[in-house]
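**Q** This is the structure I have questions about; it appears just below.
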Amino acid sequence: MANRRSALKNIATGTAGVLSLSDVFAANKKVLGPKLNGKINHSVCKWCYGKIPLDTFAQECKQMGIASVELLGPEDWPTLKKYGLTCALPNGAGMGIEKGFNDPALHDELVKSYEDIFPKLKEAGYTTVICFSGNRRGMSDYDGMRNCAVGLRRLMPSAEKYGVTVIMELLNSKVNHKDYMCDHTAWGAGLCEMVGSEKFKLLYDIYHMQIMEGDVIANIRQYHKYIGHYHTGGVPGRNEIDESQELYYPAIMKAIVETGFKGFVAQEFIPKRDPLASLKQGVQICDIA
Ligand SMILES: O=C(O)C(=O)CO
């Protein structure tokens, strides 16, 4: 990959030939990444690009102006650091989507697993981690909320000590995660109130929430103080976020910015076309001026 030093060396030694100003800008853009508008902090979920090695993917992201590759655990963080990227929402703790804080029998194991990762996150300079409610398995919404709150409140003192926000993902329980409990924004907001700590927030996944409840912009406006992170995805199908699907992402991004949100928006769609071209397009769609 071209780097700034070799580009400059080529200029200095004349091996690049006679360079115009636009050649220099183009070389800089290649090395430093494109200039984005800066209103949205861009991230991407690596699992949607499974076949691309992380090393290659990280370099491509850097060139697109994406600052973070996420849903990665400690083993992948050094690769991100090598390319000057952060991990806006790490994983590496918990017991998966279906087994979460709504089951009191799992609390000891879950608390231990999160307390083990907090110091690693702090050392890496990361300030968030993902968590899940678990499936309902016949439990009422209220019992599940109370159980989650009991487990999460045990975690909050060490989350506060290590400066880590534990972020629970809102997922659809219709198409992708049948029986998942944290599937409505109001339920998640109620849980935030019960937990009662700024170190517990929601991941508002725009794709999942469009499937469950729609009214995306109104819900973002109503519940933004509980939201610590956003994911994207086209509806229906969870593919590209362009005009092939029903959501108008620039308006959603504008609404997010208007709430004063300073966190990250991560692309989380499964590309149907050239994956990197689609990712770049997704970033451009969300990069409102
Ligand atoms: O597994 C999923 O569907 C997710 O959205 C994870 O972020």
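The values are calculated or read from the model by the stated rules, or taken from the named source; none is laboratory data. Because the structure is predicted, anything quoted here is derived from the model rather than measured. Reconstructed Cβ throughout: ideal geometry from the backbone, glycine too, with neighbour counts over all protein chains shown. Note: areas computed on protein heavy atoms with side chains; ligands, DNA, RNA excluded. Shrake-Rupley method; radii C 1.70, N 1.55, O 1.52, S 1.80 Å.
**Q** For segment 127-260, what is the percent of antiparallel DSSP beta bridges, rounded to the nearest 5?
**A** 10
**Q** Another question, then. Between segment 237-289 and segment 43-90, what is the separation of their alpha carbon centroids in Å?
**A** 17
**Q** Using +1 at the C-beta of Lys and Arg and -1 at the C-beta of Asp and Glu, which of PRO78, VAL150, ASN239 has the Cα lying farthest in the positive direction of the dipole of the chain?
**A** After comparing all options, I get PRO78.
**Q** Determine the dipole magnitude for the chain: charges of +1 sit on the beta-carbon of Lys and Arg, -1 on that of Asp and Glu, nothing else is charged, the reference point is the Cα centre, and the result goes in debye to the nearest 20.
**A** Once rounded to the nearest 20, the dipole reads 1000 debye.
**Q** Just name one of CYS87, THR127, ASN37: the one whose Cα is farthest towards the positive end of the charge dipole of segment 25-165 (beta-carbon charges, Lys/Arg +1, Asp/Glu -1).
**A** It is ASN37.
**Q** Still on this model: Using only the Cα atoms of segment 190-289, what semi-axes does the equivalent ellipsoid have when each is the square root of 5 times a gyration tensor eigenvalue? Give whole Å, largest first.
**A** 25, 14, 12
**Q** Separate question: Could you tally the net charge around ASP205, taking each other residue with its Cβ under 11 Å from the Cβ of ASP205, Lys/Arg +1 and Asp/Glu -1?
**A** Neighbourhood net charge equals -2.
**Q** Rounded to the nearest 5, what is the percent of antiparallel bridges among the DSSP beta bridges in the chain?
**A** Taking every DSSP beta bridge within the chain, about 5 percent pair in antiparallel fashion.
**Q** Same structure again: My understanding is that a pair violates if its Cα-Cα distance is over 27 Å; which of LYS62/LYS225; LYS51/LYS161; LYS99/LYS120; LYS51/LYS280 do that in this structure?
**A** Pairs exceeding the cut-off: LYS62/LYS225; LYS51/LYS161.
**Q** Would you tally the net charge around LEU110, using a Cβ to Cβ cut-off of less than 14 Å, leaving LEU110 out, and scoring K and R as +1, D and E as -1?
**A** Result for the neighbourhood of LEU110: -2.
**Q** Hey, what's the per residue convex hull volume over the C-alpha atoms of segment 90-157, in cubic angstrom?
**A** Here the figure is 75 Å³ per residue.
**Q** Which residue, VAL166, VAL129, VAL175, has the most motion in a Gaussian network model of the chain that connects Cα atoms within less than 10 Å?
**A** Comparing VAL166, VAL129, VAL175 in a Gaussian network model of the chain, the most mobile one is VAL175.
**Q** Please report, to one decimal in angstroms, the Kirkwood hydrodynamic radius of the chain built from all distinct Cα-Cα pairs.
**A** Computed over the chain, the radius equals 20.0 Å.
**Q** Taking the Cβ-Cβ separation of LYS272 and TRP47 as r and a Förster radius of 22 Å, what is the calculated FRET efficiency to the nearest 0.05?
**A** 0.90
**Q** How long are the three semi-axes of the equivalent ellipsoid of segment 119-195, in whole Å, if each is the root of 5 times an eigenvalue of the C-alpha gyration tensor, listed from largest down?
**A** After scaling each eigenvalue by five and taking roots: 25, 14, 9 Å.
**Q** For the chain, what is the accessible area per residue in Å², given a 1.4 Å probe and the full set of protein chains?
**A** 46
**Q** Give me the net charge for the shell around LEU155: Cβ to Cβ below 12 angstrom, other residues only, Lys and Arg +1, Asp and Glu -1.
**A** Spelling it out: positives minus negatives among the neighbours equals +1.
**Q** Now for a separate question. Which one, GLY163, CYS48, ALA251, projects farthest toward the positive side of the charge dipole computed for the chain from Cβ point charges (K/R +1, D/E -1)?
**A** Comparing the listed Cα positions along the dipole, GLY163 ranks first.
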